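Enquirer: Please see the structure below; I have some questions.
The values are calculated or read from the model by the stated rules, or taken from the named source; none is laboratory data. Everything numeric here is computed off the predicted structure, so don't read it as measured data. Here the Cβ is made from the backbone with ideal geometry for all residues, glycine too, and neighbour counts use every protein chain on show.
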Amino acid sequence: MIKKEIYPKTPRMKVEGEKVYLTEKLDGSNLVFFKKDGELYFCQRKNIIALNELDAAQSVLYKGLYQWLKDYGETLRNNLHEGSAICGEWLGMGTIKYTIDAFDKRWYMFAKGNVDDEFNLYDLKYDHNLFIYPFENQVIPVFIGVVPEVAELSVLPNKQHLDGIYAKYIEKVGRSVEGFVINYQNIICKYVRMKSGKIIEYSDTDHKNIN
């Protein structure tokens with residue numbers, strides 16, 4: 001006879017329910033920074049570039065990124081934990097033009113994670129409360145922004161609900177908004193309402209994982 005309980009315990013439903021978090025989807029360009037073997041790397045499009053290759057790669061970099069890394073690259077390298085990665089949006093390359101009054105940073109963080117020996121990202125987390133942990137002093141540097149939080153919900157929203165939240169949000173911020181990123185149990189999807197500078201009707205074909 002083998003003494004072993006084989007059927008797993010069924011977890012209890014949380015009394016308060018699961019939370020759904022909405023953040024603003026910025027009209028930027030995906031840009032990841034990570035530290036490996038003591039060096040800072042950044043990944044734009046399909047290129048992974050080391051900070052010490054910055055001058056050689058200058059011609060292929062996002063607009064403004066070269067000087068930004070000249071100003072802040074060494075500080076970021078010294079402050080990131082080994083193996084940590086931070087993911088975000090580089091502003092200035094999209095259709096929506098953000099004013100400095102609303103967005104005074106060039107790069108806005110939307111996730112943290114880690115990188116393995118094959119330069120693969122893993123353990124991505126989208127919870128803003130965790131964004132301090134890639135940094136050795138557990139403080140987000142002043143030259144880094146965080147994507148704006150829009151709402152915290154207790155139910156999964158449908159299209160009508162999201163349309164209503166979008167209408168109130170653009171009235172509140174008084175500017176163009178591309179859409180939202182919806183985070184439920186660390187699974188994300190996007191709700192897009194603006195493309196090429198024009199408001200569009202949202203459809204389920206746009207509501208998919210953004211990784």
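Enquirer: Restricted to the stretch 53-106, and to residues that are of a type in the set (Val, Ile, Thr) and touching a residue at least 40 places away in the same chain (Cβ under 8 Å), which residue is nearest to Asn129 (Cα to Cα)?
Expert: Ile86
Yes/no per residue for (1) crowded, with 17+ Cβ neighbours inside 10 Å; (2) in contact with a Cys (Cβ under 9 Å, 6 or more places away or on another chain):
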| site | (1), (2) |
| --- | --- |
| Ala111 | yes, yes |
| Asn120 | no, no |
| Phe131 | yes, no |
| Glu152 | no, no |
| Lys159 | no, no |
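Enquirer: Pick from Tyr184, Tyr126: which is within 15 Å of the chain's Cα centre (by Cα), at pLDDT below 95 and closer than 30 Å to Ala85 by Cα?
Expert: Matching residue, one of Tyr184, Tyr126: Tyr184.
Enquirer: Applying the selection to the stretch 49-94, what residues are assigned to a strand (DSSP E or B) and of a type in the set (Gly, Ala, Ser)?
Expert: Result: Ala50, Ser84, Ala85, Gly88.
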